[in-house]
Amino acid sequence: MKKIILIEDETSVVSFIKKGLQENGYEISVAFDGLTGAKLVKENDFDLVILDIMLPEMNGLEVCKEIRKTNKHVPILFLTALGTSENIVLGLESGGDDYLVKPFKFIELVARVKSLLRRSNNVSALENEEENAYSEHTYHFSDLSLNDYTKKVIRAGEEVSLTSTEYKLLLYFLNNPEKVISRAEILDAVWGVNYDMGTNVVDVYVNYLRKKIDTKEDNKLIHTVIGMGYVLKKS
């Protein structure tokens with residue numbers, strides 16, 4: 001059940017909205033002044049805030065700004081008799097998501113509520129998807145990390161700039177940690193099977209990569225195994 005807080009000081013309006021939204025399947029909490037409303041939003045996990053502007057203790061614009069200090073995502077619907085363009089702009093600029101002017105038809109309020117909740121669900125789903133994609137595509141080894149989603153490489157807290165080939169080479173090492181990899185395997189994986197096997201391109205690019213991720217560090221990660229190839233391991 002979606003949880004909504006109504007911050008409104010007119011008891012008749014509160015009674016009307018609370019009864020109607022409860023009948024539509026929402027759980028409703030009420031605050032009759034801005035200070036209490038801001039405190040409740042901070043202490044609870046609401047899915048939507050319905051907020052009047054003309055409130056005792058703290059006006060709705062101040063409440064909205066206070067909420068946005070700690071909660072950037074909860075949808076905020078301004079519900080007020082102040083319907084001028086200037087007031088609408090002030091409400092939206094303070095962090096509100098929508099604006100409904102009194103008097104209003106209850107069916108319109110429900111439509112706005114559903115729209116804001118649906119939009120919020122879509123944003124949350126997208127953020128979760130991005131977060132999962134980020135974590136699923138991150139490789140860690142010692143103090144080295146590579147994110148194949150953002151293409152960022154970090155060593156000892158500092159971002160490392162790599163060319164496309166250096167990046168592919170490092171990614172191949174990270175997919176095969178502690179494994180001794182022959183030059184032929186690296187050529188096949190990074191440059192393709194048709195690349196000239198007599199070239200020293202692997203040694204050249206391993207050297208390039210070492211200069212970028214190992215030069216400043218005591219803990220060298222890319223090691224030569226004489227007669228066999230290379231390995232990614234801790235010193």
When you scan the stretch 194-208, do you find a residue that is modelled with pLDDT of 90 or more, among the acidic types (Asp, Glu) and open to solvent by less than 60 Å² (accessible area, probe 1.4 Å), even just one? yes
Looking at the stretch 154-167, which of its residues are surrounded by 16 or more Cβ atoms within 10 Å (Cβ to Cβ) and either over 17 Å from residue 219 (Cα atoms) or modelled with pLDDT under 90 (or both)? 162, 166, 167
Qualifying position, being within 18 Å of residue 117 (Cβ to Cβ) and without any contact (Cβ under 8 Å) to a residue 60 or more places away in the chain, among 20, 96, 34, 60: 96
Filter result for residue 212 (without any contact (Cβ under 8 Å) to a residue 24 or more places away in the chain and either part of a helix (DSSP H, G or I) or open to solvent by less than 70 Å² (accessible area, probe 1.4 Å) (or both)): no
Residue ID - nearest to residue 43 (Cα to Cα), chosen from residues in the stretch 76-88 that are at pLDDT below 90 and open to solvent by less than 80 Å² (accessible area, probe 1.4 Å): 79
Please go through the stretch 168-190 and give me each residue that is over 14 Å from residue 222 (Cα atoms) and open to solvent by 60 Å² or more (accessible area, probe 1.4 Å), ordered by number. 168, 185, 188
Taking the condition surrounded by fewer than 17 Cβ atoms within 10 Å (Cβ to Cβ) and within 31 Å of the chain's Cα centre (by Cα), does residue 19 pass? no
Unmet requirement for residue 80, which otherwise passes all of (1) more than 20 Å from residue 109 (Cβ to Cβ); (2) touching a helix residue (DSSP H, G or I) at 6+ places or on another chain (Cβ under 8 Å); (3) β-branched (Val, Ile, Thr): (1)
Only one of 42, 65 is under 22 Å from residue 119 (Cβ atoms), of a type in the set (Lys, Arg) and either open to solvent by 40 Å² or more (accessible area, probe 1.4 Å) or at pLDDT 95 or above (or both); which? 65
If you go through the stretch 54-95, how many residues are part of a loop (DSSP other than H, G, I, E, B) and in contact with a Cys (Cβ under 6 Å, 6 or more places away or on another chain)? 2
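The values are calculated or read from the model by the stated rules, or taken from the named source; none is laboratory data. Everything quoted here is computed from the prediction, not taken from an experiment. Cβ sites come from the backbone with ideal geometry, for glycine too, and all protein chains shown count toward neighbours. Protein only, heavy atoms only, side chains kept; ligands, DNA and RNA dropped before computing areas. Shrake-Rupley method; radii C 1.70, N 1.55, O 1.52, S 1.80 Å.
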